[in-house]
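Bear in mind these aren't lab numbers, they're just calculated from the coordinates by the rules spelled out. Just so you know, these numbers come straight off a predicted model, no measurement behind them. Glycine gets a Cβ as well: all are built from the backbone with ideal geometry, and neighbour counts include every protein chain shown.
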Amino acid sequence: MNAIDPIHAEAQGIRLSGVTKSYDAKAVTIPPMDIEMRAGEFTVILGPSGCGKSTLLQMIAGLERVTGGTISIGGREVQDLEPKERGLAMVFQNYALYPHMTVAQNIGYSLRVAGIQRAERDARVKAVARMLGLADFLHRKPGQLSGGQRQRVAIGRAIIREPGVLLFDEPLSNLDAQLRQDMRLELAELHHRIGATSIFVTHDQVEAMTLADRILILNKGRVEQFDTPKTIYSRPASIFVAKFIGAPPMNILPVSGDGRALRFGNGKVFAASPLKGEFLLGIRPESIVLDRHGPIRAQLRHREDLGSHMILTAAFDLVDLRIALPFGSAEPQQSDLHLHFPRECLHLFDVEGRRIEADFHLEYAN
Amino acid sequence: MTSDSARFGHRWLPILLVLPLMILILLFFYAPVIQAFYWSFFLEQPFGGGSQFVGFDNFSRVLADPEFWRATWRTLIFMVTASALAVVLPLVLAIAADRQIRLSPVARNVLVWPKGVAGASIGVVFAFIFNPFVGILAPLNNWFPGLWAPGLDGVDAFITLIVAHVWSGIPFNFVILLAGLRAVPHTLYQAAALDGAGPWRRIRDLQLPLIAPQLFLTLVLEFTESITSVFALIDTITKGGPGGATTLLVYKIYADGFRGYDLSGASTQTVMLMIFVVLLAGCQFAFLGRRINYER
Ligand SMILES: Nc1ncnc2c1ncn2[C@@H]1O[C@H](COP(=O)(O)OP(=O)(O)OP(=O)(O)O)[C@@H](O)[C@H]1O
Ligand SMILES: [Mg+2]
């Protein structure tokens, strides 16, 4: 490999202020949104299907107009500019390669449009192709490539102009599991080498957790949380986020407080607490501890062995609790389970699903 | 035994079913073609009664006839101009429609109907439209007397013929080309827009190459159509006139055979025309067809 990478971008920050989008007068796809991505940051947009991830990306790219608000890239307002004037590039889910052009022509198309001389163009195409392991395929048509190779061509086409901003709309979702994993690592490495500000749309939480500097979680066009993967996992801002990140999702149990104790729906006291009113208690399956002296009792209904860990499903207080046991831990012998919820692993939400941040002074009775 | 009889039924039923069609094709396509080839080597009496083998005499007679060369030349001019227009106009319309309108299936159907209208009816309509006294161009003659006179001026008559032909070809070609454009995934245009290509550039670098199969198809059909099916238009609009200006080869064959009673001459020209059409289609497939092989 060369000492100096052939491609290096001047990363640019992105700021959205009050950006909204309505495709028609009746429905608002994206209500006013204010977010900022720092130069060189890798942002992953995560959310369920139809929540507006692609719409957001396309507005930044200039493929969809904003209904209101401003978008600035590198301090320059771009919402009224053509895509090509925004200095960004995009990788599409279905690759969107030009089927009648060779790999070399696909990668070099933007340079050809820009009127760059053939010799320089060829040199840069070769450099990018070498970087992506495509050097042997330059004269093939996209139809003669595998899915992973096509995806690399699409990435090559995007990075050859050294854009300050790189957009990815579910670029790995057409690949099989193994390839996805390989490409994910390659993308992470590529990001470090190129340094462009990257926005990456996905529904895959593993991709989000591993690639992102920060994850933007969208729900019906609204920002649920925009934070580092670690914070999103350890301090989810809402039940939506809590259930979206983590597999199996966080257990949510309704509790009510009378000022002295928090009780489960079945009337059993969970812990002493000064809280009053209805709440939702969250605990991740992997945080629950099997403990012979644990105060919480549940009935084991089902077990799934996934090799690396085991998932137990147990009936407790009208809901199914999911418990993840790491490989090698002792399996329960009878169906009567005694559980312990470690205090530092508990999350408390109000009935709207918003996180309650204040210290909620739980005291286990013991 | 049973399997034999069952197979017997299977073997004969399909043949029985296609028999009527085969008889029709045999009777109205292959028989005349063979007859034409046969006659082109004989000297035929118009009302029957004796024919005489003359070898290639008919061919040398036709090739020496300046009228034949004039008709051939007109046919070529008509073929090139009419076909080009009949593909280019729908192409422009289709690109415009693909950009702006999402055509409903209903609209698409309405647009193909003119294709179902036989050449003769279109000819009659155009004979009226271009009539120098009552047609849409009649006012032109009020301002500049004699400017539009397809009945007298050969060029005007030729233009009338081309317009009528192009007109009847637009709907079909439009639908074919539009279907081709619609099949190009939208993200390709988005990718090209991000690569910096403007609308014209996208037409040139993406749309035209990607609808090459459709362009090729319409062009092949147009070339052959413009040679043969123009007959109905000529017969209803100009009758080959004025002064033979619109006597293309197909019409000359008809005139020679049925008005001049020169069956051998007409057959010989038919054979030459058929060979030309086959060669033309063959060339197009050989040269154009090979270059547009790719997977979407
Ligand atoms: N061109 C359009 N016209 C009208 N509505 C649209 C258009 N594109 C998207 N929408 C609507 O906007 C909403 C958001 O769509 P979008 O494609 O951004 O979702 P997404 O989060 O990318 O979903 P997915 O994960 O399935 O790709 C959806 O309800 C969709 O129906
Ligand atoms: Mg999407």
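How would A:PHE200, A:PHE137 line up from fewest to most surrounding beta-carbon atoms within 10 angstrom?
Arranged by neighbour count, lowest to highest, A:PHE200, A:PHE137 become A:PHE137, A:PHE200.
How much FRET efficiency would the formula 1/(1 + (r/R0)^6) give for A:ASN266 and A:SER72, where r is the Cβ-Cβ distance and R0 is 60 Å, rounded to 0.05?
Given R0 = 60 Å and the Cβ-Cβ separation, E is 0.65.
Using θ = phi - 60° and the Karplus curve 6.51 cos²θ - 1.76 cosθ + 1.60, what whole-Hz ³J(HN,Hα) does each residue of region A:272-277 get, with Gly and Pro shown as x?
Each residue's phi maps through the Karplus curve to give 6, 7, x, 5, 10, x Hz.
Enumerate by residue number the chymotrypsin sites (Phe, Trp or Tyr not before Pro) in region B:212-271 meeting two conditions: DSSP loop (anything except H, G, I, E, B), and at most 16 other Cβ atoms within 10 Å of the site's Cβ.
Those that pass, being in a loop and sparsely packed, are B:TYR261.
Output ³J(HN,Hα) for region B:15-30: one whole-Hz value per residue in order, computed from phi by the Karplus curve 6.51 cos²θ - 1.76 cosθ + 1.60 with θ = phi - 60°, and x for Gly and Pro.
In residue order, the calculated couplings are 4, 4, 5, 8, 4, x, 5, 5, 4, 4, 4, 4, 6, 9, 10, 5 Hz.
What is region A:248-362's relative contact order, in percent, from Cα pairs under 8 angstrom and six or more apart in sequence?
Worked out over region A:248-362, it gives 28 percent.
From the mean inverse distance of alpha carbon pairs (Kirkwood) and the Cα radius of gyration, derive Rg over Rh for region A:248-362.
0.97
What stretch of chain A, leaving out the sites themselves, is the longest with no GluC sites (Glu not before Pro) in a DSSP loop having at most 15 other Cβ atoms within 10 Å?
A:11-351
Give a residue-ordered list of calculated ³J(HN,Hα) values for region A:215-227 (Karplus: 6.51 cos²θ - 1.76 cosθ + 1.60, θ = phi - 60°; whole Hz; x for Gly, Pro).
So the J values, rounded to whole Hz, are 10, 9, 9, 9, 9, 6, x, 9, 7, 7, 6, 9, 7.
Kindly state, to the nearest 0.05, the FRET efficiency for B:VAL155 paired with B:ALA179, given R0 = 56 Å and r defined as their beta-carbon distance.
Approximately 0.95, to the nearest 0.05.
Given +1 on the Cβ of Lys and Arg, -1 on the Cβ of Asp and Glu, and no further charges, what dipole in debye does chain A carry about its Cα centre, rounded to the nearest 20?
720 debye
Positive end of the dipole of the protein assembly as shown, charges at C-beta (+1 Lys, Arg; -1 Asp, Glu), about the Cα centre: which of B:LEU178, B:PRO20, A:SER49 has its Cα farthest in that direction?
Of the listed residues, the answer is B:LEU178.
Okay, helix-only estimate at 222 nm for chain A: each DSSP H run of n ≥ 4 adds -39500 (n - 2.57), divide by all residues, round to 500 deg cm²/dmol; what do you get?
The per-residue figure over chain A is -7000 deg cm²/dmol.
Lysine pairs in region A:14-240 8 or more apart or on different chains: how many have alpha carbons under 17 angstrom apart?
5
Averaged over its residues, how many other protein chain Cβ atoms are within 10 Å of peptide B:192-204's Cβ atoms?
Mean inter-chain Cβ contacts per residue within 10 Å come to 6.
For the protein assembly as shown, just the Cα atoms, rotate onto the principal axes and tell me the three extents in Å, largest first.
That gives 125, 81, 57 Å along the principal axes, largest extent first.
Long-range amide H contacts for B:VAL54: which residues qualify at under 5 Å (H placed 1.01 Å from N, peptide plane, sequence gap of 5 or more or a different chain)?
Counting only residues 5 or more places away or on other chains, the set is B:PHE42, B:LEU43.
Place a +1 charge on the Cβ of each Lys and Arg in the protein assembly as shown and a -1 charge on the Cβ of each Asp and Glu, then give the dipole magnitude about the Cα centre in debye, rounded to the nearest 20.
For this selection, approximately 160 debye.
Tell me which residues come under 5 Å, amide H to amide H, from A:ILE45 once H is placed; ignore anything under 5 positions away on its chain.
Excluding prolines and chain starts, which carry no amide H, the hits are A:PHE200, A:VAL201, A:THR202, A:LEU216.
How large are Rg and Dmax for region A:14-240 when only the alpha carbon atoms are used, in Å?
Cα radius of gyration and Dmax of region A:14-240 are 17.7, 56 Å respectively.
Towards the positive end of the charge dipole of region A:248-362, with charges on Cβ (+1 Lys, Arg; -1 Asp, Glu), say which of A:ALA330, A:LEU275, A:LEU253 has the farthest Cα.
The one lying farthest along the dipole's positive direction is A:LEU275.
When a footprinting reagent is the concern and you count Cβ atoms within 10 Å, what order do B:ASP256, B:ASP195 take, fewest first?
B:ASP256, B:ASP195
Find how many whole Å separate the alpha carbon centroid of region B:203-219 from the alpha carbon centroid of region A:215-229.
Using only Cα atoms to place each centre, the spacing works out to 44 Å.
Arrange the following residues from fewest to most other Cβ atoms within 10 Å of their Cβ: A:LYS141, A:LYS21.
Exposure proxy ranking, most exposed first: A:LYS141, A:LYS21.
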